[in-house]
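Engineer: Pasting a structure below so you can have a look.
The values are calculated or read from the model by the stated rules, or taken from the named source; none is laboratory data. Bear in mind that the values here come from a model prediction, so they are computed numbers and not experimental data. All Cβ positions, glycine included, derive from the backbone under ideal geometry; neighbour counts span all protein chains shown. Heavy atoms of the whole protein, side chains included, go into the accessibility calculation; ligands, DNA and RNA do not. Shrake-Rupley method; radii C 1.70, N 1.55, O 1.52, S 1.80 Å.
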Amino acid sequence: MYINVKKFIYLIFILVSLKLNSQQQAQYTHYIFNHFAINPAVAGSKDCLDATFGYRNQWVGFEGAPKTAFGSIHATIGQNKFGSPKKHAIGALIETDRYGPFSRAKLKLAYAYHFPLNRKVFMSAGLFVGVEQLSFRSGEVTLINFNDPAIGQASSAVIVPEISPGIFLQNQKWFAGASITQLISNEVKAIGTSESKLVRHGNLMVGMSLDNKKWIYTPSALLKIAPAAPFAIDLNIMAEYNRTFAFGVTYRNVDAVAALIKFDFLDNFTLGYAFDYTLSKIQNAASNSHEIILSINPCGNRKGKSQYSCPTFN
């Protein structure tokens, strides 16, 4: 009899995380480029349909480290111009997140309603409604006791509903949004006979746009809040030249610093890449993460003119 040390340590890490109700959501460094995945109220904020796809490989080289893939689409229905007094929007998000012997798959549909607060500030309220499947692959865990009841009685898959509301405010110079994921806070049977709880997670995002002729600077911050877990905050600044190419840096407290790039090509496509350098003790096993995102927008690239109504997407 033997034990796979890395997988066993990772299993313990996940179990402790669930018990302490810590972070249970996928993480994105390019969070502005992927804002809809965080906040359903962002649906319809672009001038026309937007489809986004991405993949994140976290802590490369660390066995069992998180790997996330997603795809989303959203658009307004009815009037398409954001300057209209009111409008409706719909969208959909598919996301898979795999870490160690665990995996999560989500399918969520979104609805958002946009309306003006005054002549310059607009607000939207949105809602994600969907399902989440949590899976545990006991065949990937090797323990000293092959008859361990905690593994033998584990459910291979559990499906739970998910509801996530959000609000979003914006004008030509700034944006702010808030959302809550896993609002229902379901209890699921994860390992053995114990109950693990999917806790609520809060997300707060703010940012602004600073124009300087052909350059646009967008500082922003994303605050992530979960019970019994320390605050996680991403501080980001992007610099964009002539609305065609952007680069920036991110600092994530007690975790990583990152370099980001984003550029338009072939009129309808935008590609983004983020490289994270790990600052925490995990760097002893894996020092970096990679994230790539592709966006498709039928309106075409911006080529020196303002295509979007919000600095989130500048």
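Engineer: Work out, step by step, the length gained on full extension between GLU187 and ILE292: first 0.36 nm times the residue separation, then minus their alpha carbon distance; give nm to one decimal.
Structural biologist: On the way: separation 105, 0.36 × 105 = 37.80 nm, distance 3.28 nm.
Difference between extended and current length: 34.5 nm.
Engineer: Hey, another quick one. Could you order CYS48, CYS299 by accessible surface area, starting with the largest, using a probe radius of 1.4 Å?
Structural biologist: Listed by decreasing accessible area, they come as CYS299, CYS48.
Engineer: Measure off 7 Å from each Cα along the Cα-to-Cβ vector at ARG119 and ILE225, then give the distance between these two points in nanometres to one decimal.
Structural biologist: That separation, rounded to one decimal, is 3.5 nm.
Engineer: Further question: Taking R0 as 22 Å, what's the FRET efficiency between LYS281 and GLU63 from their Cβ-Cβ distance, rounded to 0.05?
Structural biologist: 0.85
Engineer: Could you tell me the calculated FRET efficiency between VAL131 and PHE53, based on Cβ-Cβ distance and R0 = 22 angstrom, to the nearest 0.05?
Structural biologist: Computed FRET efficiency for VAL131 and PHE53 comes out at 0.60.
Engineer: Taking H as built 1.01 Å from N, whose amide H comes closer than 5 Å to the amide H of ASP47, not counting residues under 5 places away?
Structural biologist: Long-range HN contacts for ASP47: SER309.
Engineer: Which pairs, out of LYS86/LYS197; LYS67/LYS214; LYS214/LYS281; LYS46/LYS213; LYS46/LYS197, put more than 30 Å between their alpha-carbon atoms?
Structural biologist: LYS86/LYS197; LYS67/LYS214; LYS214/LYS281; LYS46/LYS197
Engineer: Could you compute the net charge surrounding ILE216? Neighbours are other residues with a C-beta less than 10 Å from the C-beta of ILE216; K and R count +1, D and E count -1.
Structural biologist: Taking every Cβ under 10 Å from that of ILE216, the sum is +1.
Engineer: For region 165-293, what is the per residue volume of the convex hull drawn over the alpha-carbon atoms, in cubic angstrom?
Structural biologist: Numbers: hull volume 20.5 nm³, N = 129.
Taking only Cα atoms, region 165-293 has a hull volume of 159 Å³ per residue.
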